[in-house]
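Quick note: the coordinates plus some simple rules give every number you see, no bench work behind them. The structure displayed is predicted, hence computed values, not measured ones. Ideal geometry is used to build each Cβ from the backbone, glycine not excepted, and the neighbour counts take in all protein chains shown.
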């Protein structure tokens, strides 16, 4: 991927986010609207986009390459989990905050932001590998992520909440569509034209909606929140620059397919995810660290993603 193409694509993404920023400042996008649109993106547009990618793009990945992508994704998450235990200690993070930094190390926004951003920049097999990475995200988050964050504080609500979360996991359309996409490619299954067109038209709305909401979230974050926790800056520098750059060069050194390198590097460059924040809120935890991590990483992500891809592929 040439640096000129990276800059062009990131400029388009940045302008869409700026539209969301302006819309928020003008009061057209506000908290209630953003929540509803976010649900639309997560529960409808993102799942549709997964299917649309394999309809619109030519997928040439072999069974061996698909299995290799699954294996690399598992290895990446395994290394991130290890780093999640090491980095907080190296950075001398207070013991009560270590698990939040652990979660931010492992779980970035590969779905809500990552999928539409990848769609704007990648095509073909690379998008399939992005989808595989998203499937592994869900599997790890609902197992390892829940273990790290621990139990909710309010014991009386525990059983009902866990039942609700199990149901939510079972009805996670992003996971279902991701697995379905892999199965369709693996068995070369035909997709009915009507279903395919619905997925394409619905998925087409995803990038603009997601990037507009990203801009709105930056506009909603108080400037003080973006500047108050300087300890986060060193961590985010390691997580959003050092780790994806090192991973990209290691994958290239291992002679991994270029599409996989592109897909995994881009996913590793994403800002912090909101899922750990929602889990912390459910558990009655202090969410300031996670909120600041999301706000700061999102605000700087346009620059860091461009820098990572530019350094790796210049």
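Tabulated data
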read-out	value
Estimated FRET transfer efficiency (residue 146, residue 62; beta-carbon r; R0 35 Å; 0.05)	0.55
Gyration tensor verdict on region 1-160 (Cα atoms; rounded if a/c is under 1.5, prolate if a/b is larger than b/c, oblate otherwise)	oblate
Contact order normalised by residue count of region 3-313, Cα under 8 Å, 6+ apart, percent	34 percent
Shape call, region 257-314: gyration tensor on alpha carbons, a/c limit 1.5	oblate
Centre separation in Å (Cα based) which lies between region 78-107 and region 279-314	14 Å
Kirkwood hydrodynamic radius over Cα pairs of region 62-114, then Stokes diffusion coefficient at 25 °C and 0.890 mPa s, in µm²/s	197 µm²/s
Cα gyration tensor category, rounded, prolate or oblate, for region 227-301 with a/c compared to 1.5	prolate
FRET efficiency for residue 86 and residue 311, using Cβ-Cβ distance with R0 set to 25 Å, rounded to 0.05	0.55
For q = 0.12 Å⁻¹, Debye-computed log10 I/I(0) when each Cα of the chain counts as one equal scatterer	-0.81
Distance in nm between pseudo-label sites at residue 70 and residue 28 (7 Å out along the Cβ direction from Cα)	4.4 nm
